[in-house]
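The values are calculated or read from the model by the stated rules, or taken from the named source; none is laboratory data. A quick note: this is a predicted structure, and the numbers were derived from the prediction, not measured. Note: ideal-geometry Cβ built from the backbone for every residue, glycine included; neighbour counts use all protein chains shown.
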Ligand code: FES
Ligand code: MG
């Protein structure tokens, strides 16, 4: 253990005896702040975590991380994941910290913390802040994010006005906490628990619940023991653990953003994960959690139904959980979930009586990209009927591309009658990837033109090199890699080209012949905005594609650096 040697820490309640005690110093990586409202509960929870750390014999040291908030960070919060990662690595490596509590909540706070913990490789435990309470509006459940996408369609149809739109939005966020839907936040906290990095049940406890404070205390206690046991991320994060995560993400109807984040965490942990693992290990699994956006309920019901441990029980029951994976409890995941079966079968279905069969993510490939992903659990019956049920051609459709260069272009032109958009179109957006945006934006879930929505067409197929919000219920083809900005196929696509999507074969191709593609590659590249900050420039220089996790590629080689003593 590192000895505390700086007398000025005594100003913060550390005694002279403790300075020489050899007791472990436990960092609390504080992600909550006024700029990170989804994680702000941690500012209060840290008191409980500190009590747990002290009661177990550790010395708590709380410090801030770079703020991350999805909703008002421009041009996109995706820039912050790698920046918070970088900052946290420097803190955990450069300061005398023996083990760390990673406070998580809003989408990217979870992967950034876990990525940094792997790079440094000191004992680390994840403490979720928990989701908000369920949102209610006029007797109807309204979930964060999802309510926005659904209400926008109602607004376009003329069913509600802007005032009502705002009331629905505010009602969806009734308390402290992160998104109460199974968006990226709840998905990534569930992933942390499935990977074995949280105490069992931690992910889903709503932020204001009594149990949330209790688990903050227990997390504080446990990390002290982990420091003595030297239970580091490298002992927990195995390929088997990551495959368990893919399975769990599938059956909870988790966020499409889990794909780049899981890949990023795996690569920083030195674990081999392949884009095809999503199809191979997840696609055939059913949807079990009836939680928005793929289902009906929200975080409180999910927690009361048993949360992540109950989901893991179902995976074990279905014979698809590797129960031997080690976790922060010092026990295996199989041992952790004994007696934690679902308590509400309306919300968490049994493995053999699911909400949907084959509800996983499908990895697609073709002449427009090497890799893209589709979340099939949100394909509505209406969409399936219109596009995927042509007799003899089930799962196959062809559509005329309408191509937009970024979201401004989409907003300016989507209602332009000259585009002649009908139900046989696929909306395509490019310039939305890590380099093009920069950072990769949640813009692919484009809404059809108002006129189409008024005719009852709520979804068109969409495709893009950006991402979409995990709270979205759009059946989009996302994260196309390589992106147009680095010469990916979307760069040569023209409006009017026909795209053929075959979900059975996992392919997506523009029906354009090779000679014509070669000719178009000589045309000027689509427009790309310049960098506005030093970090944007650095990010563009060092960050890879969504297929590979959009990590700082040069950072991957740094792993287990805590073993390397700082110079001074
Ligand atoms: Fe922060 Fe959803 S916007 S959790
Ligand atoms: Mg998001």
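At a glance:
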read-out: Those residues of segment 154-175 which are closer than 24 Å to residue 41 by Cβ and not in a helix (DSSP H, G or I), in sequence order; value: 172, 173, 174, 175
read-out: Subset tally (residues that are surrounded by fewer than 24 Cβ atoms within 10 Å (Cβ to Cβ) and not in a loop (DSSP other than H, G, I, E, B)) for segment 125-153; value: 10
read-out: Filter result for residue 122 (part of a loop (DSSP other than H, G, I, E, B) and in contact with a strand residue (DSSP E or B) (Cβ under 6 Å, 6 or more places away or on another chain)); value: yes
read-out: Within segment 194-218, tally of residues that are away from ligand 1 (no atom under 16 Å from the Cβ) and part of a helix (DSSP H, G or I); value: 10
read-out: Hey, residue 185 touching a helix residue (DSSP H, G or I) at 6+ places or on another chain (Cβ under 6 Å) and buried (at least 24 other Cβ atoms within 10 Å of the Cβ) or not; value: no
read-out: Condition broken by residue 282, with the remaining ones in (1) part of a loop (DSSP other than H, G, I, E, B); (2) at negative phi satisfied; value: (1)
read-out: Any hit, segment 28-47, residues being more than 27 Å from the chain's Cα centre (by Cα), more than 14 Å from ligand 1 (Cβ to nearest atom) and either part of a loop (DSSP other than H, G, I, E, B) or within 24 Å of residue 185 (Cα to Cα) (or both); value: yes
read-out: Meets criteria (touching a strand residue (DSSP E or B) at 6+ places or on another chain (Cβ under 9 Å) and under 29 Å from residue 105 (Cβ atoms)) for residue 18; value: no
read-out: Output for segment 301-334, where each listed residue is part of a helix (DSSP H, G or I) and touching a residue at least 60 places away in the same chain (Cβ under 8 Å); value: 301, 302, 303, 307, 308, 309, 311, 312, 314, 315, 333
read-out: Qualifying positions in segment 87-112 - more than 16 Å from ligand 2 (Cβ to nearest atom) and closer than 15 Å to residue 203 by Cα; value: 101, 102, 103
read-out: Of all residues making up segment 60-71, the number that are surrounded by fewer than 23 Cβ atoms within 10 Å (Cβ to Cβ) and away from ligand 1 (no atom under 16 Å from the Cβ); value: 4
read-out: Unique residue being modelled with pLDDT of 95 or more, surrounded by 24 or more Cβ atoms within 10 Å (Cβ to Cβ), on the phi > 0 side of the Ramachandran plot and within 16 Å of ligand 2 (Cβ to nearest atom) when the list is 196, 177; value: 177
read-out: Check on residue 90, under 25 Å from residue 271 (Cβ atoms) and surrounded by fewer than 19 Cβ atoms within 10 Å (Cβ to Cβ); value: yes
read-out: Contacts under 7 angstrom Cβ, first residue in segment 181-194 being under 21 Å from residue 215 (Cα atoms), partner in a helix (DSSP H, G or I) and within 8 Å of ligand 1 (Cβ to nearest atom), 6 or more apart; value: 185/38
read-out: Unmet criterion (only one of (1) touching a residue at least 60 places away in the same chain (Cβ under 8 Å); (2) farther than 25 Å from residue 71 by Cβ) for residue 436; value: (2)
read-out: Top-ranked residue of segment 413-450 - restricted to ones that are assigned to a helix (DSSP H, G or I) and modelled with pLDDT of 95 or more, ranked as surrounded by the fewest Cβ atoms within 10 Å (Cβ to Cβ); value: 418
read-out: Single residue of 169, 203 found to be modelled with pLDDT under 95 and closer than 28 Å to residue 35 by Cα; value: 169
read-out: Checking residue 18 against (1) more than 16 Å from ligand 2 (Cβ to nearest atom); (2) assigned to a helix (DSSP H, G or I); (3) under 25 Å from the mean Cα position of the chain (by Cα), the condition it does not meet; value: (3)
read-out: Leading residue by the ranking (farthest from residue 442 (Cα to Cα)) among those in segment 88-104 that are touching a helix residue (DSSP H, G or I) at 6+ places or on another chain (Cβ under 8 Å) and assigned to a helix (DSSP H, G or I); value: 93
read-out: Residue under evaluation residue 497, criteria (1) closer than 23 Å to residue 545 by Cβ; (2) at pLDDT below 95, criterion not met; value: (2)
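For (1) buried (at least 24 other Cβ atoms within 10 Å of the Cβ); (2) in contact with a strand residue (DSSP E or B) (Cβ under 6 Å, 6 or more places away or on another chain); (3) part of a helix (DSSP H, G or I), each residue gets a yes or a no:
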residue: 221; (1), (2), (3): no, no, yes
residue: 244; (1), (2), (3): yes, no, yes
residue: 254; (1), (2), (3): yes, no, no
residue: 268; (1), (2), (3): yes, no, yes
residue: 272; (1), (2), (3): no, no, no
residue: 278; (1), (2), (3): yes, yes, yes
